Amino acid sequence: MEFKDYYQVLGVEKTATAEEIKKAYRKLARKFHPDVSKELDAEQRMQEINEAKAVLSDPEKRLAYDQLAQQYHSGQDFQPPPDWDAGFEYSGRGFEEADLGEFSDFFANLFGQGSRQRGGGRAGRGYQMRGEDRHAKVVIDLKDAYLGATRSITLLVPQVDAQGRVSSKEHTLNVGIPKGVKAGQHIRLSGQGSPGIGGGPAGDLFLEIHFIPDPRYRVEGRDVHQTVPVTPWEAALGASIETPTPSGIVKLKVPAGSQSGRRLRLKGRGIPGPDPGDLYVELAVVLPPADSDKARELYETMARELAFDPRQRKGG
Amino acid sequence: MVQRAITSGDLIDEATLTLDELARACSVETDWVIERIESGLLADGSPYVASWRFTSHDLTRARRMHQLERDFEAAPELAALAADLIEENQRLKDRLRAAGL
C-alpha cells in the first residue's frame with residue numbers, strides 16, 4: 001500500500017484554509033465528475049479527490065493525517081503504525097459510511113473498516129453490519145442482448161485481515177447476461193458486494209450494462225438502427241436482398257422506387273423482451289464506380305436516355 | 001483451466017427495487033429517497049412509485065443526484081436539474097447516433 005498525499009491530490013498547500021480546500025475540490029470535481037468529464041481516468045480521479053476532501057475537510061481527520069504525513073511522502077510504501085490515531089476521535093463528518101466502498105485501501109486502513117476492526121469506532125463485540133452494495137459496469141456486444149451470454153468480470157474486493165488491515169483481492173465472476181437486456185439496465189447479483197462486518201451479510205453487486213460501440217448498429221432503447229447499402233437497380237426496381245442483422249441474416253424486400261434514406265421497419269426484430277424493440281433498416285444507395293469502358297458507357301446511356309435532373313425535382 | 005460457476009442475477013426492471021434496496025444501493029438513508037420523491041425530484045411519473053418500487057432508471061438517477069449533491073454540496077433541486085440536463089443530453093446523443101450523425 002502506498003502513502004497518499006491528499007494535499008497533492010487537491011493541488012493545495014499544506015497550510016490551505018478550509019475555504020481554499022473547498023474551492024480546490026469544487027474546481028477538480030467540476031473537471032473530473034464522471035457525468036461530464038471526457039478524461040479517461042475520470043472515475044478514478046474523482047475517487048481520489050473525494051477521498052482527499054473527506055480527510056482534509058474534517059478537522060479531526062486532517063489533524064491525525066497531518067501528524068502521520070510528517071513521516072511519509074507520496075507513493076512511499078506504507079502500513080499504518082499501531083495506534084497511529086490514538087488521541088483522535090472521528091465524528092464521521094465529511095464522508096458517509098457507504099463511501100468507504102468507493103475509497104482506497106489507504107483510506108479504509110486509516111479511517112474505515114480497518115481502523116474500526118482494529119478496535120476503534122463501532123467495532124465493538126457483537127457489532128454486525130451488512131456489507132456495502134457495489135457497482136460496476138459491464139460492456140457487452142449488442143448480439144449478447146439478443147441471445148444472452150456469459151461474461152467474465154474481475155473486481156477488486158476489499159478484504160480485512162485479523163489485524164484489521166485492508167487489502168484488495170481480485171474476484172472473478174462468470175456472470176450470466178440475460179437475453180433482452182438494455183443499455184443502462186442493471187443486473188443485481190445478491191451477496192456479491194462488499195463483505196459484511198462481524199459476520200454480517202455481504203452486500204449486493206449491481207452491474208450496469210453498456211454496449212460495445214458497433215459501427216454497423218445504433219441502439220435507442222430496445223430499437224436498433226442499421227444502414228444497408230443497396231445498388232441503384234435494387235433501389236429502383238425493387239429486390240429481395242439478404243442482410244446481416246444482430247439476430248442473424250434476414251431476407252429483406254426492398255420496395256421499387258426506393259431512395260437513399262428510406263427506412264424500413266422490421267417489427268419485433270430489435271432487442272427482445274416483454275415489449276420487444278424494432279429493427280430499422282435505412283437504405284443507402286451506392287453507385288458503382290465508372291472505372292471501366294463498359295461502366296462509363298452505361299452511365300452515358302442513362303444520361304442520354306433518362307430525363308432526370310435531381311436538382312430540378314428538389315426545386316433547386 | 002479453472003471452471004467457474006455462472007452467477008445469475010435479477011434483471012432490474014423485471015424485478016424492481018424496494019425503497020430499502022434503492023437507498024442501500026445509493027448509500028443513502030431511506031429518508032433521503034422519500035424526501036426527493038415527495039418533492040418530485042426522483043421517480044417522477046414512474047408507474048411503480050405509488051407502490052414504492054423502483055427501476056434501473058431510478059437507480060441511475062438517484063446515484064447521480066446523490067453524487068452531485070455530495071461532490072458539489074448542491075441543493076437537491078439543483079442536483080435534480082443537473083440530472084435532468086445530463087439525461088436530456090444523453091437522450092439527444094442517442095438520437096443523433098440512431099440517426100447516424
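Every read-out reported here was derived from the displayed coordinates using simple, explicitly stated rules and does not represent laboratory data. These numbers come from a predicted model, not from an experiment. Positions of Cβ are generated from backbone atoms using ideal geometry, with glycine treated the same way; all protein chains shown enter the neighbour counts.
So, counting K/R as plus one and D/E as minus one, what does the shell of residues with Cβ under 10 Å around A:ALA42 add up to?
-1
Once you've got the Cα coordinates, tell me which of A:LYS137/B:LYS93; A:LYS38/A:LYS143; A:LYS53/B:LYS93; A:LYS179/A:LYS251; A:LYS267/B:LYS93; A:LYS22/A:LYS182 are over 30 Å apart. Among A:LYS137/B:LYS93; A:LYS38/A:LYS143; A:LYS53/B:LYS93; A:LYS179/A:LYS251; A:LYS267/B:LYS93; A:LYS22/A:LYS182, the Cα-Cα distance tops 30 Å for A:LYS53/B:LYS93; A:LYS22/A:LYS182.
Measuring how big the range A:6-68 is from its alpha-carbon positions, Rg and Dmax come out at 11.8, 36 Å.
Given the range A:217-313, what percent of its DSSP beta bridges are antiparallel, to the nearest 5? The antiparallel proportion sits near 70 percent. In a simple Cβ point-charge model (Lys, Arg +1; Asp, Glu -1; nothing else charged), the protein assembly as shown has a dipole of about 1360 debye relative to its Cα centre. Summing +1 for each Lys or Arg and -1 for each Asp or Glu, what net charge is found among the other residues whose Cβ lies under 11 Å from the Cβ of A:GLY273? Charge balance near A:GLY273 sits at 0.
On average, how many beta carbons from a partner chain sit within 10 Å of the beta carbon of a residue in A:218-224?
Values: counts 8, 3, 6, 3, 0, 1, 1.
Across A:218-224, the average partner-chain Cβ count within 10 Å equals 3.
Which value, in debye to the nearest 20, describes the size of the charge dipole of the range B:12-101 about its Cα centre when Lys and Arg Cβ atoms bear +1, Asp and Glu Cβ atoms bear -1, and nothing else is charged?
On the way: 11 positive and 18 negative charges, 99 e Å.
For this selection, approximately 480 debye.
Computed from point charges on the beta carbon alone (+1 for Lys and Arg, -1 for Asp and Glu), the dipole magnitude for the range A:270-309 about its Cα centre is near 120 Debye. Of the trypsin sites (Lys or Arg not before Pro) found in the range A:242-274, those in coil by DSSP whose Cβ has at most 14 other Cβ atoms within 10 Å are A:LYS267.
What's the long-distance tail for the range A:130-213, i.e. % of Cα pairs beyond 23 Å?
Details: 998 of 3486 pairs.
Of all Cα-Cα distances in the range A:130-213, 29 percent exceed 23 Å.
Restricting the range A:237-316 to chymotrypsin sites (Phe, Trp or Tyr not before Pro) that sit in a DSSP loop and have at most 10 other Cβ atoms within 10 Å of their own Cβ leaves A:PHE308. In the protein assembly as shown, a dipole from Cβ-located charges (positive for Lys and Arg, negative for Asp and Glu) runs towards its positive end, and of A:ALA236, B:VAL28, A:VAL286 it is A:ALA236 whose Cα lies farthest in that direction. Extending 7 Å from Cα along the Cβ direction at A:ASP214 and again at A:GLN259 yields two label points whose distance is 3.0 nm. Peptide packing for A:286-295, A:19-28 was compared via the average number of neighbouring C-beta atoms within 10 Å per residue; ordered from the highest value, the list is A:19-28, A:286-295.
Over the protein assembly as shown, the Kirkwood radius and the radius of gyration, each from Cα atoms, give a ratio Rg/Rh of 1.10.
Listed values for the range A:222-235 are Karplus-derived 3J(HN,Hα) couplings in whole Hz (6.51 cos²θ - 1.76 cosθ + 1.60, θ = phi - 60°), namely 9, 7, 10, 10, 8, 9, 10, x, 10, 7, x, 6, 5, 5, and x replaces Gly and Pro. Here the range B:1-65 and the range A:31-51 have alpha carbon centers that stand 23 Å from each other.
Would you calculate the volume per residue, in Å³, of the smallest convex hull containing every Cα atom of the range B:17-98?
On the way: hull volume 7.8 nm³, N = 82.
It is 95 Å³ per residue.
Residue farthest toward the positive end of the dipole of the protein assembly as shown, with Cβ of Lys/Arg at +1 and Asp/Glu at -1: which of A:GLY203, A:VAL224, A:GLY75? About the Cα centre, the residue reaching furthest to the positive side is A:VAL224. In this structure the amide hydrogen of A:GLY131, modeled in the peptide plane, comes within under 5 Å of the amide hydrogens of A:GLY196, A:ILE197, A:ALA202, A:GLY203, none closer than 5 places in sequence on its chain. Per-residue mean of foreign Cβ neighbours for B:9-20 is 5 (Cβ atoms of other chains, 10 Å radius). Computed from backbone phi with θ = phi - 60° and the Karplus coefficients 6.51, -1.76 and 1.60, the 3J(HN,Hα) list for the range A:45-59 is 5, 5, 5, 5, 5, 4, 5, 4, 5, 4, 7, 6, 8, 9, x Hz; x is used for glycine and proline.
How large is the helix-only mean residue ellipticity at 222 nm for the protein assembly as shown, computed as the sum of -39500 (n - 2.57) over DSSP H runs with n ≥ 4, divided by its residue count, in deg cm²/dmol to the nearest 500?
On the way: 14 runs with 143 residues, N = 417.
It lands at -10000 deg cm²/dmol.
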